[in-house]
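Have a look at the structure below, then the notes.
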Amino acid sequence: MKKTDVRVKRTYDQLIEALIRLLSQKSFDDLTVLEICNEANVHRATFYKHFIDKHDFLNCCLKMKLGELNFESPNKEFSIEEMRENCMRMVKMVISFIEANKQFVENVSSEYYSASFTNALSDAIAAFIIEQIESKSELSKKLGYRLPLIANYYAGAIVSLARWWATSEKVCSRREFLDFAKRKIDDLCNYFSIFVEASAEKAAALS
């Protein structure tokens, strides 16, 4: 979404809040643009000035929601321990995000566009993992094709698990969930550490 002025942002916020309220009453497929506009107290002409139809509007909602997340690492230098910390921070952010948007996620979950939401979130996490590894070009080269495979595998698992945990009957506490996630992240970081250690041994042998 392009930069918007205060009035346009307020209109977007009103429409999104209206959509979330209406989704608790009926499915997105059954909603009309007029219903969304009436609930938001926004003219239909204003709605169509910004969106092609309700599907275009929902796509915008998904992008704006995902824009609330910021996975950027506070430290650009890569180390296994820093990556471990960054990934746990990311998992906590995803859980908090899904919990904060529980109604939106739950009520769109059976719709076609839930796949867009899940895929976009998974892509953001995978990009975050890849970015950290690519900060060490030698390690990135060693991993080769494995890097995107591993990053997308773990990203998909994190999103699916977090979404399931936050939107269903809790079978475990938040702490228990994070403990489980930490073990999986440890597995990921331990795998990467094998390549880091191999690079260090090679460098030592050449010195």
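Readers should treat all values here as calculations from the given coordinates under stated rules, not as data from a laboratory. Note that the structure is a prediction, hence the values are computed from the model and not measured. Counting neighbours? That spans all protein chains shown, and the Cβs are built from the backbone with ideal geometry, glycine included.
Points to keep in mind about this one:
- Where a label projected 7 Å from the Cα of residue 193 along Cα→Cβ would reach, residues of the range 129-165 with amide N under 17 Å: 133
- Pairs with C-alpha atoms separated by more than 24 Å, drawn from the list 9/102; 65/184; 26/63; 26/65; 54/102; 63/92, are 65/184.
- Between residue 182 and residue 96, the contour length at 0.36 nm per residue exceeds the alpha carbon distance by 29.4 nm.
- Net length available on complete extension from residue 174 to residue 157 is 4.4 nm, with 0.36 nm assigned per residue and the Cα-Cα distance removed.
- Taking packing as the residue-averaged number of other Cβ atoms within 10 angstrom, the listed peptides 174-187, 53-66 run from highest to lowest as 53-66, 174-187.
- Difference of contour (0.36 nm per residue) and Cα-Cα distance, residue 33 to residue 10: 6.5 nm
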